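Working notes for the structure below.
Coordinate-derived values only; no laboratory data. From a predicted model like this one, the values you see are computed outputs, not experimental measurements. Cβ: placed from backbone, ideal geometry, glycine included. Neighbour counts: every protein chain shown.
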Protein chains: 2
Amino acid sequence: MDDAPDGPAQDLVADVFARDCTSRAAFESVTAKWASLVLLALGEGSFRFNALRRKVDGVSEKMLAQTLQTLERDGMVTREVVTAIPPRVEYELTPLGAQIAERLRALADLLEASAADVEAARAEHAGR
Amino acid sequence: MDDAPDGPAQDLVADVFARDCTSRAAFESVTAKWASLVLLALGEGSFRFNALRRKVDGVSEKMLAQTLQTLERDGMVTREVVTAIPPRVEYELTPLGAQIAERLRALADLLEASAADVEAARAEHAGR
């Protein structure tokens, strides 16, 4: 297609393939190593920091804290202080975060169901 | 739930949260920085190497080659030599790769549609 004439409409088309598009940055942010697992976990309900750390097997305290900060900055996770004795902090998904988690869950379901196929492909490849 | 008695059934439950599960490795492999964009691109059709490199804005030759090798090993992408003059190599998705690409596309669609919300969240966060 020829270039469209200059106009604001051009700037409104988001494209994950474009290096400088916010959607590309957001896509990379939610598919980042720990972020995707944290979003999946929070898709099951709200979590306190330590419970979340146990759920996401292998994440370090530092990486989990950084990941939660990024997800909070991007409007996907909220940090809520629950007034109780003692007060506690809980993390939960925003409506956008919940939509993202749903799509990541569909992907995770597929890969959980296909784990044996991936194993078989790897074994076949190694045996070539 | 209490621990189930020992038995082979326990080993058959794939769980992306478990560090040593194949599904976790597969999930990390398809959400890796370039792999997810390559799968999305191949979801639109088969590509030759250089065309794929242009499509996935910002990927280096080396990273694209490595990514394709990993996806081929995991049974998600095939490399096909097309008999023609001159012969050419094309990359395309396997049926599993196509299912994965569909789910990644659903995620990318959402993030493309939410780019403005993510921008707004970041701006609000920066202004706090």
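Applied to region A:66-75, the Karplus parametrisation 6.51 cos²θ - 1.76 cosθ + 1.60 on θ = phi - 60° returns per-residue 3J(HN,Hα) values of 4, 4, 5, 4, 5, 5, 5, 4, 7, x Hz, with x for Gly and Pro. Per residue of B:73-80, other chain Cβ atoms within 10 Å of the residue Cβ number 3 on average. Chain A versus the axis that turns it onto chain B: the residue with the nearest Cβ and the distance in whole Å amount to A:T31, 2. Summary for B:A113: label point 7 Å along Cα→Cβ; distances to the equivalent points in the other copies, ascending, 2.2 nm.
Between copies, the label points of A:S60, set 7 Å from Cα on the Cα→Cβ line, lie 2.4 nm apart, reported in increasing order to one decimal in nanometres. Each Cα pair under 8 Å and six or more residues apart adds its sequence gap; the mean of these over the residue count of region B:14-126 is a relative contact order of 24 percent. Run lengths n ≥ 4 of DSSP H only: what is the helix-derived mean residue ellipticity at 222 nm for chain A, with -39500 (n - 2.57) per run over all residues, to the nearest 500? Roughly -17000 deg cm²/dmol at 222 nm, from the helical runs in chain A. Rounded, prolate or oblate: pick one for region B:7-67, where a ≥ b ≥ c are the square roots of the eigenvalues of its C-alpha gyration tensor, a/c under 1.5 means rounded, and failing that, prolate if a/b is larger than b/c, else oblate. Prolate, because a/c is 1.5 or more and a/b exceeds b/c. Spacing of the modelled spin labels on B:A123 and B:R105, each 7 Å from Cα toward Cβ, amounts to 3.2 nm.
Over the protein assembly as shown, the pair-distance histogram of Cα-Cα distances with 5 Å bins from zero comes to 1, 6, 12, 15, 17, 15, 13, 9, 6, 4, 2, 1, 0, 0, 0, 0 percent, rounded to whole numbers.
If you plug the beta carbon distance of B:S46 and A:A113 into 1/(1 + (r/R0)^6) with R0 = 25 Å, you get a FRET efficiency near 0.50. Remark: for residue pairs A:K62/B:K55; A:K62/B:K33; B:K33/B:K55, the C-alpha separation exceeds 24 Å in A:K62/B:K55. At q = 0.22, 0.24 Å⁻¹ the log10 of I(q)/I(0) for region A:30-128 amounts to -1.10, -1.23, computed by Debye summation with a single uniform scatterer per C-alpha, solvent ignored.
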